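Structure record follows, encoded as structure tokens.
The values are calculated or read from the model by the stated rules, or taken from the named source; none is laboratory data. A quick note: this is a predicted structure, and the numbers were derived from the prediction, not measured. Cβ atoms come from the backbone with ideal geometry, glycine included; neighbour counts cover every protein chain shown.
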Amino acid sequence: MTIASLKNLIVEFGDRRVIDQVSVLCEEGAVIGLIGGNGAGKSTLLNVLSGRLQETSGERFLHPKARIGYLLQNSGLSGGRSMIEELRSVVQEGLDAIERLPVTSDPREYARLQAIIDATDAYQIDVRIKTVLNGMGFADYDLTLDVAELSGGEQTRLALCKLLIEQPNLLLLDEPTNHLDFRTLTWLEEYIQNYKGSVILVSHDRFFLDRCVTEIWDMEEGTVRCYPGNYTAFKEQKELWLKEQERLFEQQEKEVAKLTDYIDRNLVRASTSAMAKSRRKQLEKMELIEKPHVNERRLHLKFPVDQGGGNDVLQCRDLTVSVGEDHRLFTGLSFRMQKGEKIAIVGDNGTGKTTLLSVLMGELEPLEGHIRWGANIQTGIFRQATHFINDDHTVLEELGAIYPQMTYQQLRSILAAVSFIGEEVELKVGTLSGGERARFQFAALMPKRCNTLLFDEPTNHLDLPAREEVERALADFTGNLLVVSHDRYFLSHVPTRILKLTPGGLVELKRLEDYWEEEKEELPPPVKEKKAPPANYKSKEQRAREAARRQELSKIEKELAEVEEQIAEWTARLEDAGADYKVLEECCRELEALRALQEELTENWLLLNEEN
């Protein structure tokens, strides 16, 4: 069943076309990742789907039974009610019906009230609230606290809790992973994986997209292309599609040039004019293939190294660090860093990861212990909070103040590499967004040619293409890297060592997955739902349906195993195909069909399990 769709959608703001002829379908039970660069139109598309924005032209369809829940980016709740009042309000009609039920003598009114209670599942509201609050990190909060007393991030998290408790059958989520730590991210992933409704979400968290989504909508220059599978599958498919489009485009260019040349040479000659006119009609009817789009605005990062330094890069012994007089962050911290290592530091918020980097840079003094940097070590740091020489400087002036020896052209070249182009170099640095500040820091670091980089959350505030470029640049970096990050995709691809910061120092993790499992184990246990009457009696018909359900589950599981074997076989053929585009095209076609079948079987299996 299609829960929502858009057909030939166009959205224009003045003379600017933001969405151009987009047609998409959201099926019941789908979890769709909407991705694209900043300014691609993702939030606009969600606003049209939710009905908050009117399309310029095209069709928007919602199933009559569709109930939309929409979490805007960084949208919180206003004050005036306590946390528990805000959350219980999602079933207020059902709660009112519970209050009126005992005093109702009219059988028809009693039946109407009972129907409202059943529809809203109002008897179970407190169970649902506890389950969601525990998972989203509110287990220890005083629920009588006024919403206005929460921070902006906490209000946004609570708004997400309210949506999950409400359980709409179409969830629209714009950056739902903002303000979440590893623990709550893991819980939200599992919640969305098991969600009974449909979900369309915008996220820059590639690991989250890999774990949750069944389809990717790739938005670029106002258009959308749909790919089955998760983010990793999308990357493989898009790369193949781009190569094939490039080949078809070049082939057509040659054909057009050949036809044009023939027409030019033969149109005026009486003996060949008819053939030339025929070729001209052929050329006019040809459906031209567009050249594959290359994002000219993407980052081009490179962190060159002047000299490598010695084998012993850094040694820390028995460090104790406090914030203020009473709050001790960690004690007895010791570790060594050798040449060429790329070390990631992970840990809960507030454990002191950013403070540790400041201590290593000599900006803060430890209470105890000592730090020794090796010979010829040149450090550079990327900070979460950017410090400028003068907030009134333009981007060009600020970089020029850092590198006064550079020419105008050199400065412009560096800024262009981080996508400050044209008049953007005249932006005041004090007014830059989070993503722009991050890009400026990259520009300021690249010419330093440091052999040791300390990076604090380098992928925050960046869109997906920018995150991938940072990941590539740091993977190619030949020096030493110490990075603090919550980006699980980045952590899975760049570091050679993972250290977890605890109050007792740093603990080395053999696998990053160990940290995720540890965080998962520390989550509050799920709240067990109360058994509501009637008792678990099953009729003969119910037992027969249960047996048929188990039989169907077994059949689907066998079919899934066969499909997975076929996917593995076609994937192996794809890897062996090399540059044979016919084989590549066949492999992609077969894999797309098999993955679609796999998704259909998986969805049927989940639906049957939910009937249990």
Selection from region 19-48 of residues that are among the aliphatic types (A, V, I, L, M) and under 23 Å from PHE234 (Cα atoms): ILE19, VAL22, VAL24, LEU25, ALA30, VAL31, ILE32, LEU34, ILE35, ALA40, LEU45, LEU46
Leading residue by the ranking (modelled with the highest pLDDT) among those in region 136-170 that are more than 24 Å from GLY79 (Cβ to Cβ) and touching a Ser or Thr at 6+ places or on another chain (Cβ under 8 Å): LEU170
Test: residue in region 35-48 that is modelled with pLDDT of 90 or more and assigned to a strand (DSSP E or B): yes
Region 388-401, residues that are assigned to a helix (DSSP H, G or I), crowded, with 16+ Cβ neighbours inside 10 Å and either touching a Ser or Thr at 6+ places or on another chain (Cβ under 9 Å) or of a type outside the set (D, E, K, R) (or both): VAL395, LEU396, LEU399, GLY400
Candidate set from region 24-35 (those that are in contact with a helix residue (DSSP H, G or I) (Cβ under 8 Å, 6 or more places away or on another chain) and surrounded by fewer than 23 Cβ atoms within 10 Å (Cβ to Cβ)); member that is farthest from ASP174 (Cα to Cα): GLY29
Pair list, Cβ under 7 Å, 6 or more apart: region 53-64 residue surrounded by fewer than 13 Cβ atoms within 10 Å (Cβ to Cβ), other residue basic (Lys, Arg): GLU59/LYS7
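Per-residue answers, yes or no, for (1) part of a helix (DSSP H, G or I); (2) among the polar types (S, T, N, Q); (3) not assigned by TED's automatic domain parsing to the domain that holds LYS65:
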| site | (1), (2), (3) |
| --- | --- |
| VAL91 | yes, no, no |
| LEU101 | yes, no, no |
| ARG108 | yes, no, no |
| THR131 | yes, yes, no |
| TYR141 | no, no, no |
| THR144 | no, yes, no |
| GLY153 | yes, no, no |
| ILE165 | yes, no, no |
| TYR191 | yes, no, no |
Hits in region 555-604 - residues which are of a type in the set (Asp, Glu) and not in a helix (DSSP H, G or I): ASP580
Residue list for region 438-458, filter: under 12 Å from VAL395 (Cα atoms), in contact with a helix residue (DSSP H, G or I) (Cβ under 8 Å, 6 or more places away or on another chain) and not hydrophobic (A, V, I, L, M, F, W, C): ARG439
Conditions (1) polar (S, T, N, Q); (2) modelled with pLDDT under 85; (3) in the same structural domain as THR496 (by TED's automatic domain parsing); number of the one not met by THR272: (3)
Breaking point among (1) in the same structural domain as PRO495 (by TED's automatic domain parsing); (2) buried (at least 17 other Cβ atoms within 10 Å of the Cβ), for SER419: (1)
Only listed residue being under 33 Å from the mean Cα position of the chain (by Cα) and either modelled with pLDDT under 90 or of a type in the set (A, V, I, L, M, F, W, C) (or both), chosen from ILE98, ILE125: ILE125
Among the candidates VAL213, VAL224, residue that is among the β-branched types (Val, Ile, Thr), farther than 26 Å from LEU164 by Cβ, at pLDDT 90 or above and crowded, with 21+ Cβ neighbours inside 10 Å: VAL224
Some residue of region 54-64 being at pLDDT 90 or above, within 26 Å of THR156 (Cβ to Cβ) and in contact with a Leu (Cβ under 9 Å, 6 or more places away or on another chain): yes
Subset of region 254-290 that is within 30 Å of LEU242 (Cα to Cα) and outside any helix (DSSP H, G or I) - its residue that is farthest from the chain's Cα centre (by Cα): MET286
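Do the conditions hold for LEU319, that is, is it modelled with pLDDT of 85 or more, assigned by TED's automatic domain parsing to the domain that holds LEU474 and of a type outside the set (D, E, K, R)?
Values: modelled with pLDDT of 85 or more: yes; assigned by TED's automatic domain parsing to the domain that holds LEU474: yes; of a type outside the set (D, E, K, R): yes.
Answer is yes for this residue.
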Test set (1) free of Cβ contacts under 8 Å to residues at least 60 places away in the same chain; (2) in a helix (DSSP H, G or I); (3) under 15 Å from the mean Cα position of the chain (by Cα) - HIS179 fails condition number: (2)
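Using the structure shown, decide if GLY153 is within 30 Å of LEU34 (Cβ to Cβ) and surrounded by fewer than 20 Cβ atoms within 10 Å (Cβ to Cβ). Step through it out loud before you land on a result.
Working: within 30 Å of LEU34 (Cβ to Cβ): yes; surrounded by fewer than 20 Cβ atoms within 10 Å (Cβ to Cβ): yes.
Taking the combined requirement at face value, the residue satisfies it.
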Residue in region 173-186 that is in contact with a helix residue (DSSP H, G or I) (Cβ under 7 Å, 6 or more places away or on another chain), surrounded by 14 or more Cβ atoms within 10 Å (Cβ to Cβ), more than 29 Å from ASN47 (Cβ to Cβ) and not charged (D, E, K, R) present: yes
Hits in region 472-484 - residues which are buried (at least 20 other Cβ atoms within 10 Å of the Cβ) and either within 15 Å of the chain's Cα centre (by Cα) or among the aliphatic types (A, V, I, L, M) (or both): LEU474, LEU481, LEU482, VAL483, VAL484
Where a residue in region 299-327 is closer than 26 Å to GLU469 by Cα and its partner, wherever it lies, is aromatic (Phe, Trp, Tyr), with Cβ under 7 Å and at least six apart: LEU301/PHE442; PHE303/PHE477
Lone qualifier among SER43, SER50 - being under 20 Å from LEU171 (Cβ atoms), in contact with a Phe, Trp or Tyr (Cβ under 6 Å, 6 or more places away or on another chain) and in contact (Cβ under 8 Å) with a residue 60 or more places away in the chain: SER50
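Among the residues of region 578-598, which ones are modelled with pLDDT under 75 and on the phi < 0 side of the Ramachandran plot?
In the first step, residues of region 578-598 are kept if they are modelled with pLDDT under 75; the result is 578-581.
Once the filter is applied, which keeps residues that are modelled with pLDDT under 75 and on the phi < 0 side of the Ramachandran plot, region 578-598 yields ALA579, ASP580, TYR581.
If we keep just the residues of region 360-387 that are in a loop (DSSP other than H, G, I, E, B) and among the aliphatic types (A, V, I, L, M), which is surrounded by the most Cβ atoms within 10 Å (Cβ to Cβ)? Spell out the reasoning first.
Of all residues in region 360-387, those in a loop (DSSP other than H, G, I, E, B) come to 361-367, 374-378, 383-387.
Filter once more, so that each one left must be among the aliphatic types (A, V, I, L, M): 361, 364, 367, 375, 377, 385.
Details: MET361: 14, LEU364: 14, LEU367: 11, ALA375: 9, ILE377: 20, ALA385: 7.
Looking at residues that are in a loop (DSSP other than H, G, I, E, B) and among the aliphatic types (A, V, I, L, M), I get ILE377.
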Contacts under 8 angstrom Cβ, first residue in region 470-490 being more than 22 Å from ARG449 (Cα to Cα) and in the same structural domain as CYS450 (by TED's automatic domain parsing), partner buried (at least 22 other Cβ atoms within 10 Å of the Cβ) and polar (S, T, N, Q), 6 or more apart: SER485/THR459; ASP487/THR459; PHE490/THR459
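Please verify whether region 233-244 includes one or more residues that are exposed (fewer than 12 other Cβ atoms within 10 Å of the Cβ) and in a helix (DSSP H, G or I). Walk me through it before giving the result.
Start the filter on region 233-244 by keeping residues that are exposed (fewer than 12 other Cβ atoms within 10 Å of the Cβ), which leaves 239.
If we keep only those that are in a helix (DSSP H, G or I) as well, we get 239.
Checking region 233-244: at least one residue is exposed (fewer than 12 other Cβ atoms within 10 Å of the Cβ) and in a helix (DSSP H, G or I).
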